[in-house]
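I have placed the structure first, in the form of structure tokens, so that the comments after it can refer back to it.
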Amino acid sequence: MDFGDLITWTIKLFHDRPNILRRYQEQFTHILVDEFQDTNFAQYELIKLLFPPKNLTKTQGRSLTVVGDDSQSIYKFRGAAISNILQFQEDFPETQMVTLIENYRSDQAILDPAYKLISNNNPDTLEYKLGISKKLMSQIKKTGQTPEIAELETLEDEVDFVITKIIDLLAKEPQYTYKDFAILARANNHLD
């Protein structure tokens, strides 16, 4: 069985054997789903079976917390549905939404251009649809170097730019070697 089979067969088991479902509902009194933005339809169905939204009177003493950020969604190709977040609010109307905007990892020089870039996804973002602010505010007192954004015409221009940048930095900062540099790409085949 693969991961999808595990979810599918668990849902089938819970539908076919309500006594087993009840046992797991009683066992898991507090449920936390992290990375909720990356759940697919079946995974959300499993969550709703374990914590039924239609019968909240039976959920006394139980809690369900989901944590999700559509800006971090990476599994759409696997069926992840941002709509689960919007549907969650409909399924659980008593939900209290908390927006976390304090950032303890990056300074504002990184957060501002990242926010500007992500804003290009409007009107398809939860921030836009829900009328909330997700503009992160740095809680770090130090300020770092402002990121440089380079727009290049071709892949070859991009490769030349990166190589030249590394060589220039090595010349200016002799304490660095090639092992001090990392090149991040969306997929391994992009590094070819």
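Within segment 133-192, all pairs of alpha-carbon atoms sorted by distance into 10 Å bins from zero give the percentages 15, 37, 31, 16, 0.
Which GluC sites (Glu not before Pro) in segment 55-122 sit in a loop by DSSP (not H, G, I, E or B) and have at most 15 other Cβ atoms within 10 Å of their own Cβ? Listed in order of number, the matching sites are Glu94.
Can you tell me what the convex hull of the Cα atoms of segment 48-192 projects to on average, as an area in nm²?
Details: hull surface 53.1 nm².
Averaging across all directions leaves 13.3 nm² for the Cα convex hull.
Amide hydrogen proximity for Ile31: with H placed 1.01 Å from N in the peptide plane, the residues at 5 or more positions away or on another chain lying under 5 Å are Ser63, Leu64, Thr65.
Here's how it looks for Asn103: its modeled amide H is under 5 Å from those of Met137, Ser138, Gln139, which are all 5 or more places away or on a different chain.
Roughly how many percent of the accessible protein surface of the chain is carbon and sulfur, given a 1.4 Å probe and a whole-percent answer?
On the way: 8000 of 14740 Å².
On the chain, the fraction of accessible area on carbon and sulfur atoms equals 54 percent.
Of the residues Thr95, Thr125, Thr177, which exhibits the maximal mean-square fluctuation in a Gaussian network model of the chain defined by a 10 Å Cα contact cut-off? Residue with maximal mean-square fluctuation among Thr95, Thr125, Thr177: Thr177. Gyration tensor analysis over the Cα atoms of segment 1-56 returns equivalent ellipsoid semi-axes of 17, 16, 10 Å (largest first, whole Å).
The count of lysine pairs in the chain that are at least 8 places apart or cross chains, and whose C-alpha atoms lie under 28 Å apart, stands at 26. What number, in percent, do you get for the relative contact order of the chain if the mean sequence gap of Cα pairs under 8 Å and at least 6 apart is divided by its residue count? Contact order relative to length: 16 percent.
Rolling a 1.4 Å sphere over the protein heavy atoms, what is the accessible area per residue of segment 109-192, to the nearest Å²? Spell out each step's value before the answer.
Numbers: 7260 Å² over 84 residues.
Accessible area per residue, segment 109-192: 86 Å².
Using only the Cα atoms, what convex hull volume per residue in Å³ does segment 1-126 have?
Values: hull volume 17.5 nm³, N = 126.
Per residue, the Cα convex hull of segment 1-126 comes to 139 Å³.
The values are calculated or read from the model by the stated rules, or taken from the named source; none is laboratory data. All of these numbers come straight from a predicted model, not from anything done at the bench. Every residue, glycine as well, gets a Cβ built from its backbone with ideal geometry; the counts of neighbours run over all protein chains shown. Surface areas here come from the heavy atoms of the whole protein model, side chains and all, with no ligands, DNA or RNA. Shrake-Rupley method; radii C 1.70, N 1.55, O 1.52, S 1.80 Å.
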